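Data block below; observations after.
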Amino acid sequence: MSDHISASVADGVGHVTLDRPQALNALSYEMIVELSAIFELWRNDSEVGVVVLDGAGERGFCAGGDIRELYTYATNDDHAEARQFFREEYRLDAMIARYPKPVVAIMDGITMGGGIGLAGHASIRIVTERSRIAMPETRIGFTPDVGGSWLLAKAPGELGVHLALNSRTMDAADAMHAGFADSFVPSERLPHVIQALAERADPGSPAEIVMLFDETPGPSALALARDWVDACYSAPTVAEVIERLRAFSEGRSDGSSSGFPHHPLDPGATAYAAAAADELETLSPTALTVTLEAVRRARTLRSLEEALEQEFRLVSWFIEQHDLREGIRAQVIDKDRNPRWNPSTLAEVDPGLAARVLDEARFEPVWPPA
């Protein structure tokens, strides 16, 4: 067992913990390989009836993949190593989604990117009052992966497009509304959930046990924004999304067939829309363009595995691009928060780029054909 993963089996519960709290339990390649081995080992272990997956510390379940490790791959041209990282990670995510035993994932605190890959596809997904859930990839010139596009595509209306493009962070209520979580349990009651799972009389009812601790998290800001988000983010291009957000925030007609909600403008909603437009204008035009198409195409796919294969084509391309290196440099390495994107405007992005990248299978896929 590595220093960053702890696992135990007791009373029918296999309990695996991401144990790298100083890095918000960010996933390294070593951790991914080890998690895969644990889940494979427990698959046919009669001593394990349910798996609990959580993170050490009180700050977060998992902040995502190890961005510094990804930056090293990108800047050293270790693209083959990066692709293998993604293959192993995506196979693990799919394994959790198809696992023959209930997997209870506890998304307490920060859960982003690769953390959603682990927890977002589990059979029982718990959030708390401390949960902060996001697919923040566009902030570093990247695109949602680890099956994130699959979850985003299934969110109500255009909320998934909004969450993807703006890298918006969700609280517990938002995550449940968007389909990223199932139950809200106050963090102080989590130990009781784990204890109840170990003491259960019926080994087939972990979901019912979790429901005993489930509470209502309160209203979802995402749900309240649904009308205008649908109207703005249904635009065919990112540039038009921004224009609709501007029109809505200023009380103008957007000129589209969808129109805006027919009720008095809410100052909070218009301020929110204006901030969303401002934010989109600071993010990588390339990442935004590709992400919009990726989420919309994911709506047509038949399975999580198909979405992961599509994402693999995207990340294999992004790892070779300037904007990913520059985004990580600006946000994580130098932390100057001043990325220099290339191209720097949406108008300069090749209109056919997203389709070309999505369709081009240059490398061995995650699951090679039989």
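Every number here is computed from the coordinates shown, using simple stated rules; none is lab data. Because the structure is predicted, anything quoted here is derived from the model rather than measured. With ideal geometry, Cβ positions are generated from the backbone for all residues, glycine too; neighbour counts draw on all protein chains shown.
Couple of notes before you dig in:
- Ranked from largest, the principal axis spans of the Cα set of the range 101-167 equal 33, 21, 19 Å.
- HN-Hα J in Hz across the range 89-105 - Karplus 6.51, -1.76, 1.60, θ = phi - 60°, x for Gly and Pro: 5, 5, 5, 5, 4, 5, 4, 5, 5, 9, 4, x, 10, x, 10, 9, 9
- Long-range tail of P(r) for the range 124-259 (Cα pairs > 27 Å, %): 34
- The helix-based estimate of mean residue ellipticity at 222 nm for the chain, built from -39,500 (n - 2.57) per DSSP H run of four or more residues and divided by its residue count, is -13500 deg cm²/dmol to the nearest 500.
- Dimensionless Rg/Rh of the range 292-370 - Kirkwood Rh, Rg from C-alpha atoms: 1.03
- Put simply, when 108-119, 157-168 are sorted by average Cβ atoms within 10 angstrom per residue, most first, you get 108-119, 157-168.
- Dividing the Cα radius of gyration of the range 52-110 by its Kirkwood radius returns 1.07 for Rg/Rh.
- Take 123-133, 7-17, 22-32, 140-150 and order them by the average number of nearby Cβ atoms within 10 Å per residue, most first; the result is 140-150, 123-133, 22-32, 7-17.
- Structural descriptor for the chain: relative contact order 16 percent, calculated from alpha carbon pairs under 8 angstrom and at least 6 residues apart.
- Over the chain, all Cα pairs binned in 10 Å intervals from 0 give whole-percent P(r) values of 5, 24, 33, 24, 11, 2, 0, listed from short to long.
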